[in-house]
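The values are calculated or read from the model by the stated rules, or taken from the named source; none is laboratory data. Since this is a predicted model, take the numbers as computed values, not measurements. Here the Cβ positions follow ideal geometry from the backbone for every residue, glycine too, while neighbour counts run over all protein chains shown. Quick note on the areas: whole protein, heavy atoms, side chains included, nothing else; ligands and nucleic acids left out. Shrake-Rupley method; radii C 1.70, N 1.55, O 1.52, S 1.80 Å.
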Amino acid sequence: MITKFSYGTPVETFAVVKDFPSAGHEQLRHFSRKKGTVQYFTCMLGEEDIVYGLGETMRGVNKRGGRYISFNYDDPHHKDDMPSMYGAHNFLIVDGEEPFGAFFDTPSKVVFDIDSKGSGVLSVACETQDLRLYIIEGETPYGIVKQFLGIIGRSFLPPLWAFGYGQSRWGYKTERDISRVAAKHEEAGIPLDYICMDIDYMDRYIDFTVNKRRFPNMAGFSAKLKGKGLHLVPIVDAGIKIEPGNPVYSEGVEKEYFCKNHEGTFFKAEVWPGMTHFPDFFQEKVRRWFGDQYKFYTDSGLEGFWNDMNEPAIFSTEYRAKDTKPDVGRGDVDQPERHIADFKDFFHRLDDGREKSNYEVHNLYGALMTRASGEGLGRLLDRRYLLFSRSSYIGAHRYGGIWTGDNASTWEMLRQNVYHMPSLNMCGFLYSGADTGGFGGNCDRELLLRWLAVSVFTPLMRNHTAIFTRNQECYRFRKVEDFRTVVSLRYRLLPYLYSEFMKAALRQDMLIRPLAFDYPGDEKARHIHDQLMVGESVMIAPVLEKGVKGRVVYLPEPMTEVRWSSEGFTCIEVGAGERTVMAPLHQVVFYIRKGKLVPVGKQVSNTSELDLMDVELLGTGTEYEQYADDGYTKDCGLNRCVLRRKA
Ligand code: GLC
């Protein structure tokens, strides 16, 4: 059961697509509310309660014990105690005696203190008088999540090629660099579907331009790569460079599509291209205009995009210089004052006529950029597009996916990737993943192989790293055949992974879940967060520790243990309980639930060669409902067939 409460005059966030009447304030159970300068909600947690949700936040799947701030922010120091990341996903689920979910629907800053002092108090401080609160009651956390996913609308549906392997690096500068990446993958026999183009493809980092010297003929280049089954995915940043003569800039100025400051002139912020203006994505006409600009790329045959710097990230403004101290070790402290002042200094005109400072509606900015691009691409292309964004708010999942930003090449970040996946799924972001191998710092062979073995199971599987870090394309490492083996598993599993993604998206369900959601009542499963359920048949238990040869795996029921190596799949039946499993670097071990099946396809070098229906079945089940389609048609219904194991 879902009950909606409205306070003040809420800003339209477009997160919830179902209309509900608001209940009387006196009907609010589970929380007590205090109204002051903030709207303050508190409840007491039971000793054993677990709190799930909050999407892209640090610390782990159980959010208890932490303090989290929804205030989208560009900070690459993904420490465990970091309060804010790039997205605001204000949905949590309390798994206690009477489980319930709560969605605090406001684009303003929200501080969640989930029993950080150990006194059992969960408090939520919303820095606004205007919000909607949705309380969801249900029997189980999973049931509550399903109700929530039912009201926020269907996930974005990427094309099949978006489920292939992607290679990226900040630092590929020219057509030659990219061709070399393609050729090296081919030479090493590593399947690949797309290569990302970071800011260097542009003319001086200006959106909707191409550096002609580096890419003399983008349309021709893209067609040539497509002939090999490869796609190009360019980055698009939020700020438009101040440059008279640039048509996008001039039109934006003339039509007043950019945000203004307190003096009534266009707000200036320094990002990659130098001083920029920020499009006011809060206005429908601006979104339409910005979305239409993607024609620049689609005219060259590009169908995949990567939206960045849209929290928005600000290096300096005309009023405030760059930070001299790095923003490290902030711990409990909120964003540095300088940034708060920046966000208070520019304004949005809402479609309802109100004007709000960015600070007041901050968390929607990136989501509205995603919406603008997604709707634009919907108009421009007759097929599904790939889109993922750095910043987000719930609702943006209907237009694109997300990646979890500037992580680093550390084992801790790999672990965070595992924790993020179920939490993001609870908030609707099915198409998501991390920078495989890590963005900052130097990745080594062992970490990359273990990370790839996790990314095989995340919808977005992209190897990305920062400029000046060690090269981390698979072919850079010794014994490239091990990398070929691990990445190839992704392609063998695609008939299953694509089918499960599409079924989850079309049925508004989760794809990746904590064990507890599938095994309610299993006390042990309830506390295991480094193993995950992927789709209806698979459980993964990845190795997340350096220098080890295996790990302890908990099986809530008897399962098929599948070991993938260059020799193929070997399956053994194993009993319930704990077992120590050896998993050398060149093998991947995963599990198939009792009575379930996994269809596996043929080995291919990219998805253009893949026949989703040409499969063999692994596991002990007798039937599997497989979703398959052409991989690009829009508005596909649930195209499914039932695969039956031959007796
Ligand atoms: C940001 C992005 C990163 C990108 C870089 C340069 O840090 O998060 O992925 O490589 O900008 O564009």
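Rounded, prolate or oblate: which fits region 3-152, taking a ≥ b ≥ c as square roots of the Cα gyration tensor eigenvalues, rounded meaning a/c under 1.5, else prolate when a/b beats b/c?
It comes out rounded by the Cα gyration axes.
Which ³J(HN,Hα) values, rounded to whole Hz and listed in residue order, are derived for region 413-430 from phi using the Karplus coefficients 6.51, -1.76 and 1.60 in 6.51 cos²θ - 1.76 cosθ + 1.60 with θ = phi - 60°, glycine and proline given as x?
5, 4, 4, 4, 4, 5, 5, 5, 4, x, 5, 5, 4, 5, 9, x, 8, 6
Write down, largest first, the equivalent ellipsoid semi-axes of region 1-82 in whole Å, where each equals the square root of 5 times an eigenvalue of the alpha-carbon gyration tensor.
27, 19, 14
For region 219-315, which whole-number percentage of the solvent-accessible area (1.4 Å probe, protein heavy atoms only) is attributable to carbon and sulfur atoms?
52
Based on the alpha-carbon gyration tensor of the chain and its eigenvalue square roots a ≥ b ≥ c, which shape applies: rounded if a/c is under 1.5, prolate if not and a/b is larger than b/c, or oblate?
Cα axes put the chain in the oblate bin.
In percent, what relative contact order does the chain have, based on Cα pairs under 8 Å that are 6 or more apart in sequence?
Reported as a whole number, the value is 14 percent.
Can you give me the long-range amide H partners of residue 618? Hydrogens built in the peptide plane at 1.01 Å from N, cutoff under 5 Å, separation of 5 or more residues or another chain.
HN-HN under 5 Å from residue 618: 598, 600.
Using helices alone, what [θ] at 222 nm do you get for the chain, with -39,500 (n - 2.57) per DSSP H run of 4 or more residues, divided over all residues and rounded to the nearest 500?
Helix-only estimate at 222 nm: -7000 deg cm²/dmol.
Amide H of residue 438 versus every other amide H placed in the peptide plane: which residues, excluding those fewer than 5 positions away on the same chain, fall under 5 Å?
Result for residue 438 returns 464.
Once phi is turned into θ = phi - 60°, what whole-Hz ³J(HN,Hα) does the Karplus curve with 6.51, -1.76 and 1.60 give for every residue of region 126-131, x standing for Gly and Pro?
Karplus values, whole Hz, x for Gly and Pro: 9, 7, 6, 8, 10, 7.
Roughly how many whole Å is it from the C-alpha centroid of region 615-632 to that of region 411-427?
If you average the Cα positions of each part, the centres end up 26 Å apart.
How big is the dipole moment of the chain about its Cα centre under a simple scheme where the beta carbon of each Lys and Arg is +1, that of each Asp and Glu is -1, and everything else is neutral? Debye, nearest 20, please.
Taking the Cα centre of the chain as origin, the dipole is about 1220 debye.
Taking θ = phi - 60°, what integer Hz values does the Karplus form 6.51 cos²θ - 1.76 cosθ + 1.60 yield along region 72-87, in sequence order, with x for Gly and Pro?
Residue by residue, region 72-87 yields 4, 8, 8, 9, x, 8, 6, 7, 4, 9, 6, x, 10, 10, 8, x Hz.
In whole Å, what is the distance between the alpha-carbon centres of region 47-122 and region 194-218?
So the separation of the two Cα centres works out to 38 Å.
Once you have the Cα-Cα distance between residue 630 and residue 228, take 0.36 nm times their residue separation minus that, and quote the gain in nm to one decimal.
142.9 nm
Using amide H atoms built 1.01 Å from N in the peptide plane, name the residues 5+ places from residue 236, or on other chains, whose amide H lies under 5 Å from its own.
Under 5 Å from the amide H of residue 236 lie the amide H atoms of 306, 307, 308, each far enough along the sequence or on another chain.
Counting other Cβ atoms within 10 Å of each Cβ, which trypsin sites (Lys or Arg not before Pro) in region 504-600 have at most 13 and sit in a DSSP loop?
507, 546, 549
How much length is gained on full extension from residue 411 to residue 548, taking 0.36 nm per residue of separation minus their Cα-Cα distance?
Length difference between fully extended and current span is 48.1 nm.
Counting pairwise Cα distances across region 116-166, what percent come out greater than 18 angstrom?
65
Assuming R0 = 51 Å, can you tell me the calculated FRET efficiency for the pair residue 444 and residue 285, based on Cβ-Cβ distance, to the nearest 0.05?
In this case the efficiency is close to 0.55.
Taking the solvent-accessible surface of protein heavy atoms with a 1.4 Å probe, what is the per residue accessible area of the chain in Å²?
35
May I ask you to list the GluC sites (Glu not before Pro) in region 386-488 that are in a DSSP loop and have at most 13 other Cβ atoms within 10 Å of their Cβ?
Qualifying residues, ordered by number: none.
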